[in-house]
Amino acid sequence: MTTMRVFVSHYPDDDAIYNRLTADLQAADVDIWPDSSIQRTDQPIDDIVSELKDRPVFIVLLSPTALHSQQAHDEAKLAYELYQKNPARRIILPVVVAPIEETDLWDILHDFSRIEERPHPLAPFPFIVNGEGESHYLSDSAIAMRNR
């Protein structure tokens, strides 16, 4: 069984939410980059690009500060370019972690369904699977995607 490899883009102000999300995913045996010990701003751009290319799942945590971060935007833009080259092999999951203005959302993310942060800090992150409103926990969805 192959381990799912996920890139999580987030702004440092959202570290607490990032840590909770990655704990949920790691509990499902998902390989996360960057892990909490890595400061992305310390990483050479080539390392970031390499990790984005090697990880078919891109999660971006969206908050007002993240939407004004050039690094977060650049990561999302590269993930989108990779998605355009092979949409059948790439997943982009925008996760709204704080109220945002629709007008602030980057154009490249408008066509993707967004995940809303969990209503209670101890609840797993929900993931809307389809347009019929079925909800599954993100960690359960990760297991299902990994097992395909």
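Rule-based calculations on the coordinates, nothing more; no lab input. Just so it is clear, the model here is predicted, and its values are computed rather than measured. FYI the Cβ positions are ideal-geometry reconstructions off the backbone, even for glycines, and counts take in every protein chain you see.
Things worth noting here:
- Stretching Phe112 away from Arg5 to a fully extended chain increases their span by 36.5 nm, per 0.36 nm per residue minus the current alpha-carbon distance.
- Estimated FRET transfer efficiency when R0 is 22 angstrom, pair Ile91-Ala23 (beta carbons, to 0.05): 0.65
- Most to least packed among 85-91, 48-54, 17-23 [average Cβ atoms within 10 Å]: 17-23, 48-54, 85-91
- Tensor-based shape of the stretch 39-116 (alpha-carbon gyration tensor, a/c under 1.5 rounded, otherwise prolate or oblate): oblate
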